[in-house]
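Visitor: This is the structure, below, for whatever I ask next.
Every number here is computed from the coordinates shown, using simple stated rules; none is lab data. A quick note: this is a predicted structure, and the numbers were derived from the prediction, not measured. FYI the Cβ positions are ideal-geometry reconstructions off the backbone, even for glycines, and counts take in every protein chain you see.
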Amino acid sequence: MAETTGYRAEAKYLLIAPSKVRRVADNIRRKPYSEAIAILEHLPHKGAKLLYKVLKSAAANALYQNKKLDEDMLYVKELLVNEGPRMKRMWIRGRGRADILQRRMSHIKVVVDEIQKVGD
């Protein structure tokens, strides 16, 4: 698998199920940075807050590494929400039985890149 170019940020071991973050991530994939931030600021989901922080970090990395860039020149190139490890807890049931409660974790990876002009 080839490494993608762009500026990236990653958050690991977040205590939220990947499926809950993916439904928010689908709304901002391949969008301009400013539009993606506006969408995430107005969504009430926990996943939106986590994605917001990782996206802001990726943009900060881009602006730090390339001083010529502006926030308006960035877009969300790649957004991956992978499954992390699961914490297994015992859930006490009736008649001396037990079930396993699995707390799912997520890894979020965001890559932002510069918008290329059509003439380039």
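Visitor: Amide H of Ala17 versus every other amide H placed in the peptide plane: which residues, excluding those fewer than 5 positions away on the same chain, fall under 5 Å?
Guide: none
Visitor: Could you name the aspartates and glutamates whose alpha carbon sits less than 17 Å from that of Lys88, not counting residues in the same chain fewer than 8 places away?
Guide: Of all the aspartates and glutamates, those that pass the test against Lys88 - Cα under 17 Å, at least 8 places apart if same chain - are Asp99.
Visitor: Pick the calculated Cα Rg over 2.2 N^0.38 Å for this structure from [x] 1.00; [y] 1.12; [z] 1.31?
Guide: [z]
Visitor: Hey, what angle do you get for helix 18-28 against the long axis of the chain, alpha-carbon based, 0 to 90 degrees rounded to 10?
Guide: Its long axis makes an angle of about 20 degrees.
Visitor: Turning to a different aspect of this structure: Which residue, Lys109, Lys67, Lys53, tops the fluctuation ranking in a GNM of the chain built on C-alpha contacts under 10 Å?
Guide: Lys67
Visitor: Further question on the same structure: So what's the angle, to the nearest 10 degrees on a 0 to 90 scale, between helix 33-42 and the longest Cα principal axis of the chain?
Guide: 40 degrees
Visitor: Net charge near Ile16: determine it from the other residues with C-beta under 9 Å of the C-beta of Ile16, scoring Lys and Arg +1 and Asp and Glu -1.
Guide: Summing Lys and Arg as +1 and Asp and Glu as -1 gives +3.
Visitor: Find the relative contact order for the chain and round it to a whole percent, using C-alpha pairs within less than 8 Å whose residues are 6+ positions apart.
Guide: Result for the chain is 39 percent.
Visitor: Could you name the aspartates and glutamates whose alpha carbon sits less than 14 Å from that of Lys117, not counting residues in the same chain fewer than 8 places away?
Guide: Candidates past the 8-residue exclusion: Asp72.
Visitor: Go ahead and estimate [θ] at 222 nm for the chain from helices alone: -39,500 (n - 2.57) per DSSP H run with n ≥ 4, summed, over the residue count, rounded to 500.
Guide: Using -39500 (n - 2.57) per qualifying helix, the result is -11000 deg cm²/dmol.
Visitor: Using DSSP to define loop residues, name the GluC sites (Glu not before Pro) in segment 1-101 whose beta-carbon has at most 13 other beta-carbon atoms within 10 Å.
Guide: When the GluC sites (Glu not before Pro) of segment 1-101 are filtered for loop state and at most 13 Cβ neighbours within 10 Å, Glu3 remain.
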